[in-house]
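Everything on this sheet refers to the single structure shown next.
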Amino acid sequence: MTTAHSPVAISSHVAPAGQSFSARLNGPWHERALQVFMGIVLAHWAEHLAQAFQVYVLHWPLANARGVLGLWFPWLVKSEALHYGYALIMLVGLWILRRGFVGSSHTWWMVAFWIQFWHHIEHALLQGQVIVGQNLFGSPVPMSLAQLVIPRLELHLIYNTIVFIPMVIAMYRHLVPPEAERVRMRCRCAGEPRLAAA
Amino acid sequence: MRENLAWPPLDVTRSTWAERFLAWPGSRLVMPLAMFALAVAAFAVHMSGAGAHPHEMAAHRGAPTRIIADQRVGPYVASVWTDPEVGSGPMYVMLEAADGQTFTPPSAVRVGIAPVSGRLPEVLHDAHSEPMRRGARFMTDVAFDRAERWTLRVLIDGSAGGGQLTSQVAAMPNAAAGPFVLVLSLLPFLAVTGVWWRAAVARRRISALP
């Protein structure tokens, strides 16, 4: 029987034959998958950065400040599709990559997941009101629950921020883990496990 | 003999409710099924055209507040909702039949705005009708050019009768957080750069170990 940090176990990173797709995603492919996922997350933030730049530096009217994608595809910004799609991608990404995290990084990653899960429920509520044709609280437009407390544009940014913060903490704990957690990791995100421990 | 590396072992040192849920065998089915169902629902909504509903952006634009509540005007009971931001202010006029009468839609609803200070003349905006299951909803976008108090007039005309509603509303600067949003949007890039740099340093240190 070998342990997770033995040379035999490490060799499985290189030759993952027989592993399920999910196990590969959370093992030998975890580092690359996280990079892609983080790329998507940062692309979304880049859209907000571009929009803020258009409003506060270029002084464009808010209606014209549609980020980068929105300049070429205005319908993306005007419909719920983009926001809902991103919320869904975030939720799926957080879920399928969770098993690569161990210890405290796993805890922080799951905190991000559950916050995103609630964010997604809010989007589902909006969609539901459109489908049913009846809005909550007698409002003329679909309403989310958090809008009752934070009724302005910033709500979207707040949601993304409170998901992003635990996600970054999880990434940090995952990439720079304590030794006790590093030897339990199945991926190479924190570098090669120390063979000396075997 | 090699250890089965398909899934990491459960961390028995932690037992939060989230961990217990994850340890439940059914949890592996619940989440994929729920996500699949939500994705199908979202796709269906989008394909049906509802995804392009003009007011779906409410969650990202700000919720309107009611400035006139259930006020009798002619044969209608009217409510007026708005999200008065500088630049763009959506106005919603919600109408229902008064006293159990049969609802007859008005032929025209207009919204007039003028600064209370009197520095600009009143500008009238024609509101367009939007589908409703009960009563009627009229919507228009008005332009507040400055954060100040504005006089609002809603004019309703129709074969069943009509009337006028008046109120005042304070336009606010859009995106109240202001340039803070710019800083906030920059932070994720700084955070990821910091994490990446710290991880690179840690990796170099580990690879230098004997």
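Each value in this text was obtained by applying a stated rule to the coordinates, not by laboratory testing. What you see is a predicted model; the values in this text were computed from it and never measured. Cβ placement follows ideal geometry from the backbone for every residue including glycine, while neighbour counts extend to all protein chains displayed.
A few comments on the model shown:
- Taking the square roots of five times each eigenvalue of the Cα gyration tensor of region B:64-170, the equivalent ellipsoid has semi-axes of 25, 13, 12 Å, listed largest first.
- Sites listed here are trypsin sites (Lys or Arg not before Pro) in region B:104-210 whose DSSP assignment is loop and whose Cβ has at most 13 other Cβ atoms within 10 Å: B:ARG119, B:ARG133, B:ARG134, B:ARG146.
- Distance from region A:65-113 to region B:148-170 (C-alpha centre basis), Å: 42 Å
- Residues whose amide H comes within less than 5 Å of that of A:GLY67, counting only those at least five positions distant or on another chain, are A:GLN51 (H built at 1.01 Å from N in the peptide plane).
- Pairwise FRET efficiency - B:GLU122 versus A:LEU42, Cβ, R0 = 30 Å, nearest 0.05: 0.05
- With R₀ fixed at 41 Å, the C-beta to C-beta distance from B:THR104 to B:ALA143 puts the FRET efficiency at about 0.85.
- One chain, two ends: B:ALA97 and B:ARG72. Fully extended at 0.36 nm per residue, the span grows by 8.1 nm beyond their Cα-Cα distance.
- Between the listed residues B:GLY162, B:TRP150, B:GLY87, the Cα displaced farthest toward the positive end of the dipole of region B:64-170, a dipole computed from Cβ unit charges relative to the Cα centre, is found at B:GLY162.
- Karplus-derived 3J(HN,Hα), 6.51/-1.76/1.60, for each residue of region B:88-93, Hz, glycine and proline x: 9, x, x, 10, 10, 10
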